[in-house]
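Below is one structure, written out as structure tokens; the observations come after it.
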Number of protein chains: 2
Amino acid sequence: MARMSTRPAQRVTIAHVAQEAGVSRATVSRVMNGLATVDPEIGKRVREAAAKLNYSPSTVARSLAIGRTQTVAIVVPDLANPMFQETLRGLSRAAAREGYRVLVADSIENPDEEVILAREARRRCDALVLVSPRMDVAHLGELLPELAPVVLVNRESPVPGVPSLAVDYGAGIRSILGELARLGHNRIAYLAGPETSHGNQRRLDALHSLPASAPEVIEIPCGAMFEDGYRAREAVLGSGATAAVCFNDLVALGLLGALHEAGIAVPERLSVTGFDDIPFARFASPALTTVSVPQTELGEQAWARLWDLLNGREPEDDVVVTPRLEARASSGTAAAAATSVA
Amino acid sequence: MARMSTRPAQRVTIAHVAQEAGVSRATVSRVMNGLATVDPEIGKRVREAAAKLNYSPSTVARSLAIGRTQTVAIVVPDLANPMFQETLRGLSRAAAREGYRVLVADSIENPDEEVILAREARRRCDALVLVSPRMDVAHLGELLPELAPVVLVNRESPVPGVPSLAVDYGAGIRSILGELARLGHNRIAYLAGPETSHGNQRRLDALHSLPASAPEVIEIPCGAMFEDGYRAREAVLGSGATAAVCFNDLVALGLLGALHEAGIAVPERLSVTGFDDIPFARFASPALTTVSVPQTELGEQAWARLWDLLNGREPEDDVVVTPRLEARASSGTAAAAATSVA
DNA sequence: GGCCTAGAAGAAACCGATTTCTATCCCTAG
DNA sequence: CTAGGGATAGAAATCGGTTTCTTCTAGGCC
């Protein structure tokens with residue numbers, strides 16, 4: 001049987017080591033944790049016994065005894081999204097420096113599942129990071145206290161004492177629109193994100209409260225993924241807009257791909273902008289004009305807040321990140337684009 | 001104190017619920033797990049007590065008692081790499097269907113750290129997935145038995161009984177070279193990946209064992225990331241090659257970006273190919289010619305193997321995926337490109 | 001009506017660590 | 001010479017569940 005060769009030996013516990021070394025379990029524990037003063041001779045004997053038996057302590061038993069798992073969970077709406085991957089990475093690397101590990105839970109854009117997942121994930125871990133929760137504010141307000149310690153990313157906290165690292169989506173949208181206005185665009189298409197997305201709501205709020213002098217904005221329902229942007233080409237072209245402001249970079253890149261296939265010059269006939277500044281944005285051709293959200297850093301900041309909370313310290317103040325405009329080649333002056341209007 | 005509002009109430013244990021319902025802890029456990037036959041009246045009382053106290057069982061204690069954590073770990077060399085993100089996603093979603101969660105560990109391309117991480121991660125979880133381990137084959141062979149149940153992704157297993165999901169990198173490279181040869185290229189640059197990457201070794205092996213009729217290959221040290229490809233432009237142009245075969249899609253896209261900035265036409269003056277077919281490849285402009293590795297599916301397959309192992313079943317046979325050529329717009333016929341040679 | 005059995009719930013052991021409490025030993029100081 | 005004190009290591013309680021074993025009750029059958 002091939003499997004036999006890989007079957008691990010019967011688990012070695014602290015009791016086995018204690019017996020082998022001829023000491024009590026307490027002493028083994030002390031030696032393994034380098035605690036108290038233990039006779040060097042005994043310490044040596046214990047370590048040798050542990051090595052001989054290839055002992056490795058049970059993390060689960062240890063967690064139960066000390067009341068900590070040294071693990072935090074992160075709940076994201078969609079693991080396929082580069083933004084959430086960045087947050088995960090930032091969190092994971094920052095937490096690792098403190099010896100903590102990260103458990104991931106992917107709600108697959110399902111707000112109900114999200115609530116269940118968050119509860120369940122929290123029970124397994126010492127703390128929780130909720131990224132862009134899709135649940136409505138009522139659920140969120142109800143849930144947060146029982147999830148504490150918890151940190152919100154990409155959304156404001158409705159509960160005092162729950163730190164949040166938010167992004168000023170409105171400012172981001174306004175800086176993009178400002179840039180496009182400067183370039184002479186006065187008819188702009190907005191490719192909207194998922195309706196459940198809090199970030200999309202904020203972008204829409206910003207669009208709806210623009211001064212009268214701002215460019216006209218046509219809203220086109222779209223989505224959050226490549227494919228959504230790719231499929232939106234005709235809707236955008238049909239709108240007569242000279243620029244397309246996309247919900248995020250993925251949508252923008254999808255649209256760019258579709259435009260390229262149709263031989264439509266960017267930015268000559270249509271300017272395209274994204275949101276987030278994912279790593280690919282800079283390397284797209286044409287390089288994508290977008291606003292940068294330092295998502296990796298938000299992941300690291302989330303860890304810093306959690307670490308404060310876990311140590312009973314008052315966490316640092318909430319942060320509202322203002323995205324920075326990254327004007328690149330995919331946006332240009334609104335020129336003869338009007339010819340595409342009927 | 002703002003923090004007070006978020007401090008969770010003293011943990012509610014099964015003993016509290018038992019007392020509240022006036023039954024034993026054993027009965028509460030039976031009710032919570034829907035086991036055995038419990039008097040409906042008592043069941044109701046227990047459930048009410050649990051609800052009233054807002055009881056949620058300790059996963060840690062439960063794990064210790066039943067000897068399972070319902071968690072698996074995945075160790076990747078670099079969380080920033082879309083390929084590994086895909087594997088993670090496939091694994092996470094497949095495991096979730098069985099009620100399992102995933103712990104991530106990022107070795108940041110450090111083979112020593114990788115060994116430590118793998119051991120540590122395994123202790124916390126029921127099983128382990130090692131993705132593209134960078135450690136040498138001796139370490140790997142030594143480590144795998146003690147990590148079992150474990151599954152390898154992107155690398156063959158040197159230990160019988162440890163399932164592996166490998167990619168036939170050689171076949172991938174050969175199909176790319178075949179396509180380029182067909183297009184008339186006879187001087188090709190290979191932008192090599194990290195030296196510790198097993199996948200890179202395999203690609204090199206394939207390149208070194210080509211028939212004499214194959215195109216000439218110039219090897220250029222590069223890397224695995226965007227930036228590496230971006231920086232490689234001059235080396236590629238200086239080599240006089242008419243096509244650049246890149247270690248992976250990231251490198252290819254970085255190179256494409258650099259070429260675009262320099263106004264060098266792709267594929268007219270230089271054909272560029274990638275490896276992996278990450279989601280962005282199709283949407284790049286020009287769309288990237290590459291070979292597809294179904295990494296999400298490998299993640300799902302990894303879960304299937306682990307699930308078999310966890311249930312004492314013989315896992316399905318190892319898989320060696322042959323990447324499929326995706327000929328797109330970034331490769332074309334080798335034409336007047338020879339003019340770039342001195 | 002009495003005996004046997006099945007079923008339901010409690011008591012207690014267990015999972016594998018940590019940690020408090022206690023007992024012992026040895027050394028020093030009065 | 002003995003009481004006090006500090007250092008070590010063992011015994012036992014604890015963490016919060018699960019599960020085996022035991023007890024008790026009630027129902028069925030002769």
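The values are calculated or read from the model by the stated rules, or taken from the named source; none is laboratory data. Remember, it's a predicted structure, so these values are computed and weren't measured experimentally. Using ideal geometry, Cβ is built from the backbone for each residue, glycine included, and neighbour counts are taken over all protein chains shown. Note: areas computed on protein heavy atoms with side chains; ligands, DNA, RNA excluded. Shrake-Rupley method; radii C 1.70, N 1.55, O 1.52, S 1.80 Å.
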**OP:** Working only within region B:242-265, note down all residues that are open to solvent by 20 Å² or more (accessible area, probe 1.4 Å) and facing chain A (nearest Cβ under 9 Å).
**Re:** B:His260, B:Glu261
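Working carefully through the options B:Arg155, B:Arg124, B:Arg134, B:Arg187, find the one that is assigned by TED's automatic domain parsing to the domain that holds B:Val217, open to solvent by 10 Å² or more (accessible area, probe 1.4 Å), on the phi < 0 side of the Ramachandran plot and not aromatic (Phe, Trp, Tyr). So that I can check it myself, show each step before the final result.
Details: B:Arg155 fails: assigned by TED's automatic domain parsing to the domain that holds B:Val217; B:Arg124 fails: assigned by TED's automatic domain parsing to the domain that holds B:Val217; B:Arg134 fails: assigned by TED's automatic domain parsing to the domain that holds B:Val217.
Of the residues listed, the single one that is assigned by TED's automatic domain parsing to the domain that holds B:Val217, open to solvent by 10 Å² or more (accessible area, probe 1.4 Å), on the phi < 0 side of the Ramachandran plot and not aromatic (Phe, Trp, Tyr) is B:Arg187.
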Original post:
Has region B:144-158 got at least one residue that is part of a helix (DSSP H, G or I) and under 19 Å from the mean Cα position of the chain (by Cα)?
Top reply: yes
Subject >> Matching residues in region A:108-125 - criterion: being touching a helix residue (DSSP H, G or I) at 6+ places or on another chain (Cβ under 7 Å) and either aromatic (Phe, Trp, Tyr) or closer than 19 Å to A:Leu165 by Cβ (or both) >> reply: A:Ala118, A:Arg122
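Grab the helices (runs of 4 or more DSSP H) fully contained in region B:22-118, keeping just those with 1 or more residues being within 16 Å of DNA strand C (Cβ to nearest atom) and over 30 Å from A:Ala95 (Cβ atoms).
Values: elements: B:25-32, B:40-53, B:59-66, B:82-96.
Because the criterion is at least 1 residues that are within 16 Å of DNA strand C (Cβ to nearest atom) and over 30 Å from A:Ala95 (Cβ atoms), the helices (runs of 4 or more DSSP H) in region B:22-118 that meet it are B:25-32, B:40-53.
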Original post:
Looking at A:Ala26, A:Ala18, which is the one that is buried (at least 18 other Cβ atoms within 10 Å of the Cβ), away from chain B (no Cβ under 14 Å) and over 41 Å from the mean Cα position of the chain (by Cα)?
Top reply: A:Ala18
Subject >> Meets criteria (of a type in the set (Val, Ile, Thr) and in a helix (DSSP H, G or I)) for A:Val245 >> reply: no
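Sort out which residues of region A:152-203 are within 14 Å of another protein chain (Cβ to nearest Cβ) and not aliphatic (A, V, I, L, M), and write them in order of number.
Residues of region A:152-203 that are within 14 Å of another protein chain (Cβ to nearest Cβ), as a first pass: A:152, A:157-164.
Selection gives A:Ser157, A:Pro158, A:Pro160, A:Gly161, A:Pro163, A:Ser164.
Has region A:263-282 got at least one residue that is in the same structural domain as A:Gly178 (by TED's automatic domain parsing) and free of Cβ contacts under 8 Å to residues at least 24 places away in the same chain? Lay out the reasoning, then the answer.
Our first condition is that a residue be in the same structural domain as A:Gly178 (by TED's automatic domain parsing); within region A:263-282, this holds for A:263-282.
Pick out the ones that are also free of Cβ contacts under 8 Å to residues at least 24 places away in the same chain and you get A:263, A:265.
Checking region A:263-282: at least one residue is in the same structural domain as A:Gly178 (by TED's automatic domain parsing) and free of Cβ contacts under 8 Å to residues at least 24 places away in the same chain.
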**OP:** Please state which of the following conditions B:Val17 fails to meet, knowing it meets all the rest: (1) touching a residue at least 12 places away in the same chain (Cβ under 8 Å); (2) more than 10 Å from DNA strand D (Cβ to nearest atom).
**Re:** (2)
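Please count how many residues of region B:16-53 are touching a Ser or Thr at 6+ places or on another chain (Cβ under 7 Å) and modelled with pLDDT under 80. Please lay out each step first, then the result.
Kept after step one, since they are touching a Ser or Thr at 6+ places or on another chain (Cβ under 7 Å), are these residues of region B:16-53: B:18, B:38, B:42, B:46.
The next check asks that each one be modelled with pLDDT under 80; those that pass are B:38.
Total satisfying the criteria: 1.
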Subject >> Top-ranked residue of region A:266-287 - restricted to ones that are under 21 Å from the mean Cα position of the chain (by Cα) and in a loop (DSSP other than H, G, I, E, B), ranked as surrounded by the fewest Cβ atoms within 10 Å (Cβ to Cβ) >> reply: A:Pro279
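Quick one: would you say B:Ala80 is within 40 Å of the chain's Cα centre (by Cα) and near DNA strand D (Cβ under 10 Å from one of its atoms)? Walk me through how you get there before you give the answer.
Working: within 40 Å of the chain's Cα centre (by Cα): yes; near DNA strand D (Cβ under 10 Å from one of its atoms): no.
No: the conditions fail for B:Ala80.
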Subject >> Qualifying positions in region B:198-241 - open to solvent by less than 30 Å² (accessible area, probe 1.4 Å) and touching a Pro at 6+ places or on another chain (Cβ under 8 Å) >> reply: B:Asn200, B:Gly223, B:Ala224, B:Phe226
**OP:** May I ask you to list the residues in region B:38-70 that are surrounded by fewer than 18 Cβ atoms within 10 Å (Cβ to Cβ), without any contact (Cβ under 8 Å) to a residue 12 or more places away in the chain, more than 8 Å from DNA strand D (Cβ to nearest atom) and more than 19 Å from B:Val17 (Cα to Cα)?
**Re:** B:Gly67
**OP:** Could you tell me which numbered condition A:Val320 fails, if it satisfies all but one of (1) in a strand (DSSP E or B); (2) open to solvent by less than 20 Å² (accessible area, probe 1.4 Å); (3) away from chain B (no Cβ under 14 Å)?
**Re:** (2)
Original post:
Would it be correct to say that B:Gly199 is in contact with a Lys or Arg (Cβ under 9 Å, 6 or more places away or on another chain) and touching a residue at least 40 places away in the same chain (Cβ under 8 Å)?
Top reply: yes
Subject >> Filter result (modelled with pLDDT of 75 or more, surrounded by 15 or more Cβ atoms within 10 Å (Cβ to Cβ) and part of a helix (DSSP H, G or I)) within region B:1-15 >> reply: B:Ile14
Original post:
Given the conditions (1) open to solvent by less than 20 Å² (accessible area, probe 1.4 Å); (2) in a helix (DSSP H, G or I); (3) out of contact with any strand residue (DSSP E or B) (no Cβ under 7 Å at 6 or more places or on another chain); (4) farther than 18 Å from A:Thr322 by Cα, which single one is not true for A:Gly299?
Top reply: (4)
Original post:
Name the residues in region B:76-114 that are over 25 Å from A:Phe280 (Cα atoms), more than 8 Å from every other protein chain (Cβ to nearest Cβ) and surrounded by fewer than 24 Cβ atoms within 10 Å (Cβ to Cβ), would you?
Top reply: B:Ala94, B:Arg97, B:Glu98, B:Gly99, B:Tyr100, B:Pro111, B:Asp112, B:Glu113
Subject >> Filter result for the condition that a residue is in a helix (DSSP H, G or I), β-branched (Val, Ile, Thr) and closer than 19 Å to A:Ala327 by Cα, over A:Ile176, A:Ile188 >> reply: A:Ile176
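Out of the residues in region A:137-151 meeting the condition of being of a type in the set (A, V, I, L, M, F, W, C) and more than 9 Å from chain B (Cβ to nearest Cβ), tell me which one is surrounded by the fewest Cβ atoms within 10 Å (Cβ to Cβ). Can you show your working first?
So in region A:137-151, the residues of a type in the set (A, V, I, L, M, F, W, C) come out as A:137-138, A:140, A:143-144, A:147-148, A:150-151.
Cutting the leftovers down to more than 9 Å from chain B (Cβ to nearest Cβ) gives us A:137-138, A:140, A:143, A:151.
Details: A:Val137: 12, A:Ala138: 9, A:Leu140: 25, A:Leu143: 19, A:Val151: 30.
Restricting to residues being of a type in the set (A, V, I, L, M, F, W, C) and more than 9 Å from chain B (Cβ to nearest Cβ), the top hit is A:Ala138.
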Original post:
Within region B:55-75, how many residues turn out to be over 15 Å from A:Thr69 (Cα atoms) and facing chain A (nearest Cβ under 7 Å)?
Top reply: 1
Subject >> Any pair with Cβ under 7 angstrom, 6 or more apart, that starts in region B:296-310 at a residue that is in the same structural domain as B:Leu152 (by TED's automatic domain parsing) and ends at one that is of a type in the set (Val, Ile, Thr) and open to solvent by 30 Å² or more (accessible area, probe 1.4 Å) >> reply: B:Gln301/B:Val319
